[in-house]
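Peer 1: Following this message is one structure expressed as structure tokens.
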Protein chains: 2
Amino acid sequence: MQTKLEIDPDRLLSNLRCLATFGAHLTGVHRPTFSPQDMAARAWLMDRMREARLEPELDGIGNILGRAPHARRRLLVGSHSDSQNHAGWLDGALGVVFALEIALAIAKLGDPDVAVEPVDWADEEAHFASFLGSRSAIGELSEAEIDQSRCATTGTPLRQALASAGLEGRPRFRIDPSCYLGYLEAHIEQGDYLDAHDLSLGVVSSIVGIVQYRLSFRGQRNHAGTTRMAIRKDAGAAAVALLHRIHERFRAIAAERTVWTVGSIRLEPGQVSIIPDLAEVMLQVRDADDAVLARLDSALRDMVAEAGAASRCEIGLQVESRTNPQSMDARLQKALELSAEQASPGRVMRMPSGAGHDAQILAQVMPAGMLFVPSIGGISHHWDENTRDEDIVLGCQALAGACARLLWGDMR
Amino acid sequence: MQTKLEIDPDRLLSNLRCLATFGAHLTGVHRPTFSPQDMAARAWLMDRMREARLEPELDGIGNILGRAPHARRRLLVGSHSDSQNHAGWLDGALGVVFALEIALAIAKLGDPDVAVEPVDWADEEAHFASFLGSRSAIGELSEAEIDQSRCATTGTPLRQALASAGLEGRPRFRIDPSCYLGYLEAHIEQGDYLDAHDLSLGVVSSIVGIVQYRLSFRGQRNHAGTTRMAIRKDAGAAAVALLHRIHERFRAIAAERTVWTVGSIRLEPGQVSIIPDLAEVMLQVRDADDAVLARLDSALRDMVAEAGAASRCEIGLQVESRTNPQSMDARLQKALELSAEQASPGRVMRMPSGAGHDAQILAQVMPAGMLFVPSIGGISHHWDENTRDEDIVLGCQALAGACARLLWGDMR
């Protein structure tokens, strides 16, 4: 029966392009959470939801949910419409407009028993805090965290941003998992795998876990001209030596899809003629397999201990944050795969997501699944981010097909 | 005849301690160039020069010279009384007060034919520019450079700092080398060599050359979760790999006294979830031997070329600045060594200076020599910097002895 859920490719692309006019920046968008352009985009999205005969609700943290209160079988489908600073036009907007398009297709169909409720989660991009909206919706965001959060770019307190956006005093909604068959999210891949392998759709098997480490090296500040090499306690040199070992060892023991990144190295005092007494390094490791993360963690701890014993500097290791890998629901993966194969035969693959997504939050309370469309050249979080129109249309058709299979129970 | 030049240890220590009250900070001083406390210290020093029957002149760049216009045999002796930010009480102040003490001893002696002219050079520490005062005095500081220089800490233009210090419009003096037998400078060692080897005096054989390199690594900014390791252009990882090689190779080919320092590593954009597209590294190399500096330079260029050919990042190498090693005058070294041995038999050694000093500037126009006293624990540019009173007194006695040998011609 899924064949009867037909999307309108022109409307889909036209709505996507219209959404991209809010906060347009070069060939992308600058639509940070709670900015005027973000709130205008949300208002526009609520109008589109009304066109799909839904009852949109904007809650106290900026989430929008297009409710179909009378449906008996519901899917929650969405992503986020806000963006990183000066970023691409698709990213989360794609998944929100896909959900909207499918809701419009259902509205045209006129079956009051089934519904796709489009959802637009606030601040997946962590301007204020990671997965702000989706965590709120599953009851994992406290008032205390809201009190403490500030914008990473401007320092504006979250409370003040909510007030400026007109959200102060609004209730925050909580998703009732028993009302939904599951949660589906479409997103650009952000990596280059699909693009490089000439594939058109990726069914996400799991979302990687992310471990964020802080390495600190404490030595002794001294004169770079008069202090002999033999007695130096050079925190920067200690950091370079250990980072080199980490890169070498991780290359040997990582899994095929593991990624690790040293995004930041800071030396104190950072002056050319002074031996640094402090080096701080941020090291991030991602993998979809807990066992791989544990193996790398254990190797890292061994290397830190060995280096610390051999070095004249004190070396410290702290886990700054950790999210666990999150598997996507097997039945939803199957539904996505079947309809993806139908939309683009032989050009579909299952793959982990290297980036975090709201689906990993929803997966904690209900079955969740994700579909990727290709990112040209793997570019994301940059205004050069793009996806071919035909791949966008294929993605929405595949997502609509999966919704139909789940809503009407046809899982052939 | 040098025995008749007797310094007064109590006056010496008392004047040193009094100078340390200007800008006192914890157990050290904060007396940056042209600060009110620096100018007050200079006024105090000029009064002390008058006590030695000299005619002090404060010039348009902040140098003070205590002139003895009627002497027939003159030595220029001094250092700098200003300090690094929040630094030690001795550093250059020691050499200025030594010069003052010797001038006071000569005044007591009452020989009008000979003079030590104490000199206090401005901004050896490069708040505005390296060796500002001494370069001015040998004609190597242009008005254009003064126009362009700013305080490294506050950004204040040098012109404005000079005006605030009341120096605007004053002429800058130029040293006439033909008027002097040479230039002598005493300084704390700043390293730990004398202290660690229980020596009391170091006769400087040469001042190291310093080559300051900037290494740049250009890669591609990308998402730290979705970009496979195999296609990354990670500028930070490229920097770590090359710096590791440089440390290893330099350890193998450096000379005994060579030092090299990576004082700064900067990754762009420096965020935990973004692969850095730029790494900038400051690498400094010091040695007293030109051939050693050339050997390391050549090895560095080879390593950069090899790494650049093998890496997915572009690697650049620039020489930011270079000073050549500067030998001290053989006759002045001999005079210093003879009197140092007399002051502290068997506890004197010849050694290179790992730090730069005004003596390397003066050496370009006249014979120059330097004497080191021990730094306890090798600490300098920190308020913990210190030297034992008896080593301070020995140092001044040795310097006075060398002055006597040179002024009265007794070089036994």
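The values are calculated or read from the model by the stated rules, or taken from the named source; none is laboratory data. Computed from a predicted model, the values in this text were never measured in an experiment. Positions of Cβ are generated from backbone atoms using ideal geometry, with glycine treated the same way; all protein chains shown enter the neighbour counts.
Peer 1: Please tell me if B:V262 is facing chain A (nearest Cβ under 7 Å) and either part of a helix (DSSP H, G or I) or at pLDDT below 95 (or both).
Peer 2: On the way: facing chain A (nearest Cβ under 7 Å): yes; either part of a helix (DSSP H, G or I) or at pLDDT below 95 (or both): no.
Taking the combined requirement at face value, the residue does not satisfy it.
Peer 1: Right, something else. Can you give me the number of residues within region A:90-141 that are part of a strand (DSSP E or B) and buried (at least 24 other Cβ atoms within 10 Å of the Cβ)? Reasoning before the result, please.
Peer 2: Of all residues in region A:90-141, those part of a strand (DSSP E or B) come to A:114-120, A:125, A:130.
So of that shortlist, the ones also buried (at least 24 other Cβ atoms within 10 Å of the Cβ) come out as A:115-120.
Selection size over region A:90-141: 6.
Peer 1: Then there's this: Hey, among the residues in region B:23-43 that are outside any loop (DSSP other than H, G, I, E, B) and of a type in the set (D, E, K, R), which one's nearest to B:Q160 (Cα to Cα)?
Peer 2: Filtering region B:23-43 for residues outside any loop (DSSP other than H, G, I, E, B) gives B:24-25, B:28-29, B:36-43.
Now narrow it down to the ones that are of a type in the set (D, E, K, R): B:38, B:42.
On the way: B:D38: 16, B:R42: 19 Å.
Within region B:23-43, the match that is nearest to B:Q160 (Cα to Cα) is B:D38.
Peer 1: Kindly indicate which of B:S130, B:S164, B:S136, B:S149 is more than 24 Å from B:L399 (Cβ to Cβ), in the same structural domain as B:A24 (by TED's automatic domain parsing), at pLDDT below 95 and not acidic (D, E).
Peer 2: Working: B:S164 fails: at pLDDT below 95; B:S136 fails: at pLDDT below 95; B:S149 fails: at pLDDT below 95.
One residue alone meets the criteria, B:S130.
Peer 1: Further, regarding this structure: Does region A:368-381 contain any residue that is in contact with a Pro (Cβ under 9 Å, 6 or more places away or on another chain) and in contact (Cβ under 8 Å) with a residue 12 or more places away in the chain?
Peer 2: Step one: filter region A:368-381 for residues in contact with a Pro (Cβ under 9 Å, 6 or more places away or on another chain), giving none.
No, there is no match, as no residue in region A:368-381 is in contact with a Pro (Cβ under 9 Å, 6 or more places away or on another chain) and in contact (Cβ under 8 Å) with a residue 12 or more places away in the chain.
Peer 1: Condition first: among the acidic types (D, E) and in contact (Cβ under 8 Å) with a residue 24 or more places away in the chain. Now tell me which residues in region A:1-55 satisfy that.
Peer 2: So in region A:1-55, the residues among the acidic types (D, E) come out as A:6, A:8, A:10, A:38, A:47, A:51, A:55.
Of everything in region A:1-55, those that are among the acidic types (D, E) and in contact (Cβ under 8 Å) with a residue 24 or more places away in the chain turn out to be A:E6, A:D8, A:D38, A:E51.
Peer 1: Kindly indicate which of B:V211, B:V203 is within 12 Å of chain A (Cβ to nearest Cβ) and in contact with a helix residue (DSSP H, G or I) (Cβ under 7 Å, 6 or more places away or on another chain).
Peer 2: Details: B:V203 fails: within 12 Å of chain A (Cβ to nearest Cβ).
Unique residue meeting the criteria: B:V211.
Peer 1: Check off (1) more than 9 Å from every other protein chain (Cβ to nearest Cβ); (2) modelled with pLDDT of 95 or more; (3) more than 27 Å from A:H223 (Cβ to Cβ) for B:A230 and give me the number that stays unchecked.
Peer 2: In the conditions (1) more than 9 Å from every other protein chain (Cβ to nearest Cβ); (2) modelled with pLDDT of 95 or more; (3) more than 27 Å from A:H223 (Cβ to Cβ), B:A230 misses (2) alone.
Peer 1: Taking into account only those residues within region A:174-191 that are surrounded by 24 or more Cβ atoms within 10 Å (Cβ to Cβ) and of a type in the set (D, E, K, R), which is nearest to the other protein chains (Cβ to nearest Cβ)?
Peer 2: A:E189
Peer 1: If only one of A:G202, A:G263, A:G225, A:G209 is crowded, with 18+ Cβ neighbours inside 10 Å and under 30 Å from B:V204 (Cα atoms), which one is it?
Peer 2: Details: A:G202 fails: under 30 Å from B:V204 (Cα atoms); A:G263 fails: under 30 Å from B:V204 (Cα atoms); A:G209 fails: under 30 Å from B:V204 (Cα atoms).
The match here is A:G225.
Peer 1: For region B:325-371, which residues satisfy the criterion of being within 14 Å of the chain's Cα centre (by Cα) and more than 18 Å from B:L75 (Cα to Cα)?
Peer 2: Once the filter is applied, which keeps residues that are within 14 Å of the chain's Cα centre (by Cα) and more than 18 Å from B:L75 (Cα to Cα), region B:325-371 yields B:P325, B:Q326, B:P352, B:S353, B:G354, B:A355, B:G356.
Peer 1: Continuing with this model, one more query. Answer with yes or no whether B:E256 is of a type outside the set (S, T, Y), out of contact with any helix residue (DSSP H, G or I) (no Cβ under 7 Å at 6 or more places or on another chain), more than 8 Å from chain A (Cβ to nearest Cβ) and assigned to a loop (DSSP other than H, G, I, E, B).
Peer 2: Numbers: of a type outside the set (S, T, Y): yes; out of contact with any helix residue (DSSP H, G or I) (no Cβ under 7 Å at 6 or more places or on another chain): yes; more than 8 Å from chain A (Cβ to nearest Cβ): yes; assigned to a loop (DSSP other than H, G, I, E, B): yes.
Yes.
Peer 1: If you don't mind, another one. List every residue pair whose Cβ atoms lie under 7 Å apart, where the two residues are 6 or more positions apart in sequence or sit on different chains, the first residue falls within region A:185-203 and is within 14 Å of A:P352 (Cα to Cα), and the second residue, located anywhere, is in a strand (DSSP E or B) and among the basic types (K, R).
Peer 2: What qualifies is A:V203/A:R350.
Peer 1: Now for a separate question. Only one of B:I392, B:I379 is under 20 Å from B:W89 (Cβ atoms) and out of contact with any helix residue (DSSP H, G or I) (no Cβ under 9 Å at 6 or more places or on another chain). Can you tell me which?
Peer 2: Working: B:I392 fails: out of contact with any helix residue (DSSP H, G or I) (no Cβ under 9 Å at 6 or more places or on another chain).
One residue alone meets the criteria, B:I379.
Peer 1: Could you say which residue among A:Q326, A:Q318 is out of contact with any helix residue (DSSP H, G or I) (no Cβ under 8 Å at 6 or more places or on another chain) and either free of Cβ contacts under 8 Å to residues at least 24 places away in the same chain or under 29 Å from B:N222 (Cβ atoms) (or both)? Let's see the steps before the verdict.
Peer 2: On the way: A:Q326 fails: out of contact with any helix residue (DSSP H, G or I) (no Cβ under 8 Å at 6 or more places or on another chain).
From the options A:Q326, A:Q318, the qualifying one is A:Q318.
Peer 1: While we're here: Taking only region A:353-384 into account, find how many residues are within 12 Å of chain B (Cβ to nearest Cβ) and either surrounded by fewer than 24 Cβ atoms within 10 Å (Cβ to Cβ) or among the aliphatic types (A, V, I, L, M) (or both).
Peer 2: 8
Peer 1: Can you pull out the residues in region B:115-127 that are modelled with pLDDT of 95 or more and of a type in the set (A, V, I, L, M, F, W, C)?
Peer 2: Within region B:115-127, B:A115, B:V116, B:V119, B:W121, B:A122 meet the criteria.
Residue-wise test of (1) more than 30 Å from A:D192 (Cα to Cα); (2) of a type in the set (D, E); (3) in contact (Cβ under 8 Å) with a residue 40 or more places away in the chain; (4) in contact with an Asp or Glu (Cβ under 9 Å, 6 or more places away or on another chain).
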site: B:I207; (1), (2), (3), (4): yes, no, yes, no
site: B:H223; (1), (2), (3), (4): no, no, yes, no
site: B:A230; (1), (2), (3), (4): no, no, no, no
site: B:E256; (1), (2), (3), (4): yes, yes, no, no
site: B:R301; (1), (2), (3), (4): yes, no, no, no
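Peer 1: Can I ask one more? Is region A:395-406 home to any residue that is crowded, with 24+ Cβ neighbours inside 10 Å, at pLDDT 95 or above and not in a helix (DSSP H, G or I)?
Peer 2: No, there is no match, as no residue in region A:395-406 is crowded, with 24+ Cβ neighbours inside 10 Å, at pLDDT 95 or above and not in a helix (DSSP H, G or I).
Peer 1: Shifting gears a bit: What do you reckon, is A:L194 touching a strand residue (DSSP E or B) at 6+ places or on another chain (Cβ under 6 Å), closer than 28 Å to B:A235 by Cα and more than 8 Å from chain B (Cβ to nearest Cβ)? Working first, answer last.
Peer 2: On the way: touching a strand residue (DSSP E or B) at 6+ places or on another chain (Cβ under 6 Å): yes; closer than 28 Å to B:A235 by Cα: yes; more than 8 Å from chain B (Cβ to nearest Cβ): yes.
Yes: the conditions hold for A:L194.
Peer 1: Let me ask you something else. With respect to B:E337, determine if the residue is without any contact (Cβ under 8 Å) to a residue 24 or more places away in the chain and either out of contact with any Pro (no Cβ under 6 Å at 6 or more places or on another chain) or hydroxyl-bearing (S, T, Y) (or both).
Peer 2: Values: without any contact (Cβ under 8 Å) to a residue 24 or more places away in the chain: no; either out of contact with any Pro (no Cβ under 6 Å at 6 or more places or on another chain) or hydroxyl-bearing (S, T, Y) (or both): yes.
The answer is no for B:E337.
Peer 1: Considering every residue within region B:233-246, establish whether at least one is in the same structural domain as B:A343 (by TED's automatic domain parsing), assigned to a loop (DSSP other than H, G, I, E, B) and either crowded, with 18+ Cβ neighbours inside 10 Å or touching a Ser or Thr at 6+ places or on another chain (Cβ under 8 Å) (or both).
Peer 2: Here is the first cut: in region B:233-246, the ones in the same structural domain as B:A343 (by TED's automatic domain parsing) are none.
No; the residues of region B:233-246 include none that is in the same structural domain as B:A343 (by TED's automatic domain parsing), assigned to a loop (DSSP other than H, G, I, E, B) and either crowded, with 18+ Cβ neighbours inside 10 Å or touching a Ser or Thr at 6+ places or on another chain (Cβ under 8 Å) (or both).
Peer 1: Kindly provide the set of residues from region B:181-208 that are within 24 Å of B:L293 (Cβ to Cβ), over 12 Å from the mean Cα position of the chain (by Cα) and in a strand (DSSP E or B), ordered by number. Give the steps one after another, and end with the answer.
Peer 2: Let us first name the residues in region B:181-208 that are within 24 Å of B:L293 (Cβ to Cβ), namely B:185, B:187, B:189-193, B:202-208.
Checking the rest, the ones that are also over 12 Å from the mean Cα position of the chain (by Cα) come to B:191-193, B:202-206.
Result: B:G202, B:V203, B:V204, B:S205, B:S206.
Peer 1: Could you please find all residues in region A:233-253 being within 11 Å of another protein chain (Cβ to nearest Cβ) and under 28 Å from the mean Cα position of the chain (by Cα)?
Peer 2: The answer is A:L243, A:I246, A:H247, A:F250, A:R251.
Peer 1: Output the residue which, of all residues in region A:269-288 that are surrounded by fewer than 21 Cβ atoms within 10 Å (Cβ to Cβ) and at pLDDT 95 or above, is nearest to the other protein chains (Cβ to nearest Cβ).
Peer 2: So the residue we want is A:M282.
Peer 1: Go through (1) over 26 Å from B:T227 (Cα atoms); (2) within 14 Å of chain B (Cβ to nearest Cβ); (3) at pLDDT 95 or above one by one and return the number of the condition A:L293 breaks.
Peer 2: Of everything listed in (1) over 26 Å from B:T227 (Cα atoms); (2) within 14 Å of chain B (Cβ to nearest Cβ); (3) at pLDDT 95 or above, A:L293 misses just condition (1).
Peer 1: Follow-up question, since we're still on this one. What are the residues in region B:289-324 that are buried (at least 17 other Cβ atoms within 10 Å of the Cβ) and among the hydroxyl-bearing types (S, T, Y), if any?
Peer 2: Matches in region B:289-324: B:S311, B:T323.
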